[in-house]
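All remarks here apply to the structure that follows.
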Amino acid sequence: MALRNLRYEGDEILRKKSKVVSVVDDKIRTLLDDMVETMYEKDGVGLAAPQVGILKRVIVIDVEDGNVYKMVNPVITKKSGEQCAQEGCLSVREKKGNVSRPMYVTVEYTDQDGNHVELDAEGLLARCICHEIDHLDGILFVDRIIS
Ligand code: NI
């Protein structure tokens, strides 16, 4: 595994739409592992591939619920409820703000072994999934700050 260099707000790559991954191969698995290592190094709870300069629909999450999620092509298929809390982002230094997100989401994705997974998430995990998928569409949390 290796650390990847982070991209920061102002870098135009963070504003681009990421491409769907067609095959989960060793290159994608290496990317997932490198992203997990980079996320831990920077004390983050999630990281999306554009944040390390790769425009692919790949995210990793660890909200300390005992799981590390490695998601390829994640899509939110259901959402309900609402929560509002402060967010930050490894790519946006020294800014925080309150963002409204669904309390519950169902996300479908492909895992590192190519298996299709459907996951029900709530609370911080749901928030983090929404934040990271936003990155894949060129959206930063600062676009959504309500206070
Ligand atoms: Ni972020």
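The values are calculated or read from the model by the stated rules, or taken from the named source; none is laboratory data. Note that the structure is predicted; figures quoted are calculated from it, not measured. When we count neighbours, we look across all protein chains shown, and the Cβ atoms used for this are built from the backbone with ideal geometry, even at glycine. Accessible surface is based on the protein model in full, side chains and every heavy atom, while ligands, DNA and RNA are left aside. Shrake-Rupley method; radii C 1.70, N 1.55, O 1.52, S 1.80 Å.
Here are a few things to note about the model shown:
- Excluding exposed DSSP-loop GluC sites (Glu not before Pro) (at most 10 other C-beta within 10 Å), longest clean stretch of the chain: 83-147
- Accessible area (Å², 1.4 Å probe, nearest 10) - S100: 40
- Annotated for the range 1-127: lysine pairs at least 8 residues apart or interchain, Cα distance under 17 Å, count 10.
- Dipole size of the chain about its Cα centre, with +1 on Lys/Arg Cβ and -1 on Asp/Glu Cβ: approximately 580 debye, rounded to the nearest 20.
- Using a probe of 1.4 angstrom and keeping all protein chains present, the accessible surface of the range 25-137 works out to 46 square angstrom per residue.
- Scaled against 2.2 N^0.38 Å for its residue count N, the alpha carbon radius of gyration of the chain is 0.96.
- Modelled label reach - D143, point 7 Å along Cα→Cβ, the range 26-48 residues with backbone N closer than 16 Å: 48
- For S18, net neighbour charge (Lys/Arg +1, Asp/Glu -1) across residues whose Cβ lies under 12 Å away: +3
- Amide H within-cut-off set for R4, under 5 Å, with H built and near neighbours excluded: T38
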